[in-house]
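The values are calculated or read from the model by the stated rules, or taken from the named source; none is laboratory data. Model, not experiment: these values are computed from the prediction. Cβ placement follows ideal geometry from the backbone for every residue including glycine, while neighbour counts extend to all protein chains displayed.
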Amino acid sequence: MDTTSPDKSELQALNDRFDTLISLISRAVPPAPAKPDFGAADAFVWTAGTSSLLPISRVNRVDISLLQGVDRARDQLIDNTRRFASGFAANNVLLWGARGMGKSSLVKSVHAFINREFADTGAETRLKLVEIHREDIETLPDLMSVLKQAPHRTILFCDDLSFDNDDTSYKSLKAALDGGIEGRPDNVLFYATSNRRHLLPRDMIENERSTAINPGEAVEEKVSLSDRFGLWLGFHKCSQNDYLDMINAYARHFELDVEPADLRAQALEWATTRGSRSGRVAFQFIQDLAGRLGKHLKD
């Protein structure tokens, strides 16, 4: 019978190998993400790389009173958001249409408006706003898992959402909204802005129609994505009167002392040089005007 046992040097070498193996495994398996502190802020940005929520102490937004020419969309979004914050049924919302007409600004402003409204009534529950970037849509299931643990109701927001020809991540969005086994958590609502009503380019839909065995089914698969949004709010190019209303509202709010006739003439000239009229163009003019007057734009 062999009673030979390994010497100390062999045991040490074996332990060193085990330590190395454990270290490699630890590097390969990422640590579990830290539980988010939902009380740290009212708004967060989802960082997909670390599966964490970054609190935003100061959100880039304007007061809702400054959003002109979008009254119907504003009222509908306020009503839908108020019902959701109150614990009642509400719809996912797609804000689509012309560029620069205040789609993303409206989402952020309504969030603040509803929280102020609830604060005025003494309610403790505050509505959270979480932004997910377009390129991180594939991680929506992970984010949903985090948000369903939140003690608050949450608006999940994606700005400028659209998909290109070779992009299949829209399937993750469909499943996350209401197509999976679990479905969307009751405390989460999804708001998205897009320049496209169906979120997909027209040539992509037409290509599916022309190459599919059953064209109707192929197109239905693509278009059904936007059907996940129960409420569609359209934003169209503004008229000259709407544009001037925006200019006047901004000038009053920021206390820019300019003669009305001069303000009108300058604003129209600015829009002409830009070749368009929109809320974004109006605000850019106000920024330029305030700079020429030696003033800062303050909230």
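Keeping to region 171-187, report how many residues are under 29 Å from F88 (Cβ atoms) and either at pLDDT 70 or above or under 16 Å from the mean Cα position of the chain (by Cα) (or both).
Step one: of region 171-187, the residues under 29 Å from F88 (Cβ atoms) are 172-187.
Still in the running and either at pLDDT 70 or above or under 16 Å from the mean Cα position of the chain (by Cα) (or both): 172-177, 184-187.
Looking only at that region, the number is 10.
Of the helices (runs of 4 or more DSSP H) contained entirely in region 188-253, those carrying at least 2 residues that are modelled with pLDDT under 60 and of a type outside the set (G, A, S) fall at 202-211, 215-223. Within region 248-266, the set of residues being in contact with a helix residue (DSSP H, G or I) (Cβ under 9 Å, 6 or more places away or on another chain) and closer than 21 Å to D63 by Cα comprises N248, A249, Y250, A251, H253, F254, L256, D257.
Can you name every residue in region 39-68 that is in a strand (DSSP E or B) and polar (S, T, N, Q)?
Scanning region 39-68 gives T47, S52.
Among the residues of region 276-292, is there at least one that is acidic (D, E) and more than 17 Å from G69 (Cα to Cα)? Within region 276-292, one or more residues are acidic (D, E) and more than 17 Å from G69 (Cα to Cα). For region 253-263, the count of residues that are under 23 Å from the mean Cα position of the chain (by Cα) and buried (at least 16 other Cβ atoms within 10 Å of the Cβ) is zero. Residues that are among the charged types (D, E, K, R) and either under 16 Å from D75 (Cβ atoms) or in contact with a Ser or Thr (Cβ under 6 Å, 6 or more places away or on another chain) (or both) within region 85-106 comprise just one, K103. Taking L66, is it modelled with pLDDT of 90 or more and either out of contact with any Gly (no Cβ under 6 Å at 6 or more places or on another chain) or outside the structural domain of S276 (by TED's automatic domain parsing) (or both)? Taking the combined requirement at face value, the residue does not satisfy it.
Suppose the filter is at pLDDT 90 or above, closer than 25 Å to L297 by Cβ and surrounded by fewer than 18 Cβ atoms within 10 Å (Cβ to Cβ); does R116 pass it? So R116 fits the description; yes.
Only residues that are touching a His at 6+ places or on another chain (Cβ under 7 Å) and either among the small types (G, A, S) or at pLDDT below 65 (or both) were counted across region 1-54, and they come to 0.
Does D71 fit the bill of being farther than 16 Å from L156 by Cα and of a type outside the set (V, I, T)? Here the answer is yes, as D71 does meet what is asked.
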